[in-house]
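Report on the structure given below.
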Amino acid sequence: MAMQKRSNIRLPPEVNRILYVRNLPYKITGEELYDIFGKYGAIRQIRLGTNADTKGTAFVVYEDIFDAKNACEHLSGFNVCNRYLVVLYYQSNKAFTKMDKEKKRSELDRMKEKYGVSTEN
């Protein structure tokens, strides 16, 4: 009955099962993230950033979209080791748009070099 009730709820288009978390302490572990985010529902996967440019970020994938929505609402601004978490819904279209722009820019630069075109005055 509860699942039938949930299916009638209209969610905003940006809501999905994947959360993007920023402003994490660098020394936080995956187990600690499971403890924090697991309170809101079953987690399928957590990916913690390890490179210099991804440190302090993570992706949390929930089994259920409603659990992700609940976690996002409650954990955005949550204080962990004197750092306030920024919890957002992962939006793949924005990530791919950025990659497409970079790809087109490199292709344009390659074409300019190939044909000897300069845009400098």
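No lab work stands behind these numbers, since they all come straight from the coordinates. Here the structure is a predicted model, which means the values were calculated and not measured. Glycine gets a Cβ as well: all are built from the backbone with ideal geometry, and neighbour counts include every protein chain shown.
Pop the C-beta distance of Lys112 and Ala52 into the FRET formula with R0 = 41 Å and round what comes out to the nearest 0.05.
0.85
Dividing the alpha-carbon Rg of the chain by 2.2 N^0.38 Å yields what?
1.44
Using a simple spin-label model with points 7 Å from Cα along the Cα→Cβ vector, what separation in nm is obtained for Ala42 and Val86?
Result for the modelled spin labels: 3.2 nm.
At 1.002 mPa s and 20 °C, plugging the Kirkwood radius over alpha-carbon pairs of the stretch 11-57 into Stokes-Einstein gives what diffusion coefficient in µm²/s?
180 µm²/s
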